[in-house]
1. Yes or no: region 232-239 includes at least one residue that is in a loop (DSSP other than H, G, I, E, B), farther than 23 Å from residue 329 by Cβ and without any contact (Cβ under 8 Å) to a residue 12 or more places away in the chain.
2. Does residue 171 fit the bill of being more than 20 Å from the chain's Cα centre (by Cα) and in contact (Cβ under 8 Å) with a residue 40 or more places away in the chain?
3. Could you tell me how many of the residues in region 124-141 are farther than 18 Å from residue 246 by Cα and either out of contact with any strand residue (DSSP E or B) (no Cβ under 6 Å at 6 or more places or on another chain) or without any contact (Cβ under 8 Å) to a residue 24 or more places away in the chain (or both)?
4. For residues that are exposed (fewer than 14 other Cβ atoms within 10 Å of the Cβ) and in a helix (DSSP H, G or I), tally how many sit in region 241-278.
5. Pick from 272, 305, 226: which is closer than 22 Å to residue 365 by Cβ and at pLDDT 95 or above?
6. Exactly one of these conditions fails for residue 365: (1) closer than 23 Å to residue 311 by Cβ; (2) in contact with a helix residue (DSSP H, G or I) (Cβ under 9 Å, 6 or more places away or on another chain); (3) surrounded by fewer than 17 Cβ atoms within 10 Å (Cβ to Cβ). Give me its number.
7. Among what's in region 287-302 and is assigned to a strand (DSSP E or B) and farther than 20 Å from residue 363 by Cβ, pick the residue that is nearest to the chain's Cα centre (by Cα).
């Protein structure tokens, strides 16, 4: 077996393997994926005599902080070659590639989270689930408006007269500006949106028999609603709404669901962007059984202007750090990921080292400005 990196048209040739690995996907969605997404991916594959038996698709995104990151999707192996360790080798190769490209972390939406936890992935984002209030906003009428490419006008709700307008290509710059402004005011980590992002989203939703609408009042853009309509069942993929919009008349929250896992690829890079209101020093010993060069003792000097990080890769250097730094702690890369994305508190993730005070460790770590508020709803 040989590991290769496929790009462009070579990735598009992987459709037969995709269909074999994911028979539950509809033809129309697979058409959408290979016509609009696959060609832009980097895809490590396992090959033998020119035939591909295993693949991992890396879809490029850019965060609001300007980092290039990859979304891991299409993880699959030909049934005849499963349980031979092919995927283990591919994931490790994918990590090496992404880290070499300077990506600080990677993320995915797992079908089975237990597959990815041994590779350092952990949940970082719980999605808020919404359902239509069908007495006020009928998804059937919304679907009919989408099919006819017409507006749907609502009156008599708490937000006043609202117009649901189907988004067209010419609208994509305007709604990207709205979405980025909306998300930046509420979240610390999300995928940056642009005109191309929404061009593709329109096609993605169409492949799921749904659509993308603006919610407007007297010509003012107040929100965005993306929905799917598969097997006669409507689903809200994403809803963004300004404070002027009263959503309870239209849709209501139905709990939260963990959907996105992530893992740090470059510990030093992730720690280097942290800030804190007060200056302090702390030494953090990090273990990573998959990306071994992440392991070491990270000496973090943090303050309002940012962080300065030095690392001693020698495990024996931790004793020296304990002498030089009053506060020391330990974590594996999985717990560090959960902490830096605000999914868990410091006390859940770190072990306090000898001679350090627990309260001091928790106060310093919890004072860090991190990627606390996450919003990642991307599908592929």
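The values are calculated or read from the model by the stated rules, or taken from the named source; none is laboratory data. In this text the structure is predicted, and so the values were computed from the model without any measurement. Here the Cβ is made from the backbone with ideal geometry for all residues, glycine too, and neighbour counts use every protein chain on show.
1. Yes, region 232-239 has at least one match.
2. Yes; evaluated as a whole, the condition is true for this residue.
3. Within region 124-141, residues that are farther than 18 Å from residue 246 by Cα and either out of contact with any strand residue (DSSP E or B) (no Cβ under 6 Å at 6 or more places or on another chain) or without any contact (Cβ under 8 Å) to a residue 24 or more places away in the chain (or both) number 2.
4. Final tally of qualifying residues: 1.
5. That would be 272, the only listed residue that is closer than 22 Å to residue 365 by Cβ and at pLDDT 95 or above.
6. It is condition (3) that residue 365 fails.
7. Within region 287-302, the match that is nearest to the chain's Cα centre (by Cα) is 287.
Each row is one residue, and each column tells you yes or no for (1) in contact with a strand residue (DSSP E or B) (Cβ under 8 Å, 6 or more places away or on another chain); (2) not assigned by TED's automatic domain parsing to the domain that holds residue 36.
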site	(1), (2)
88	no, no
97	yes, no
118	no, yes
122	yes, yes
146	yes, yes
165	yes, yes
169	no, yes
190	yes, yes
199	no, yes
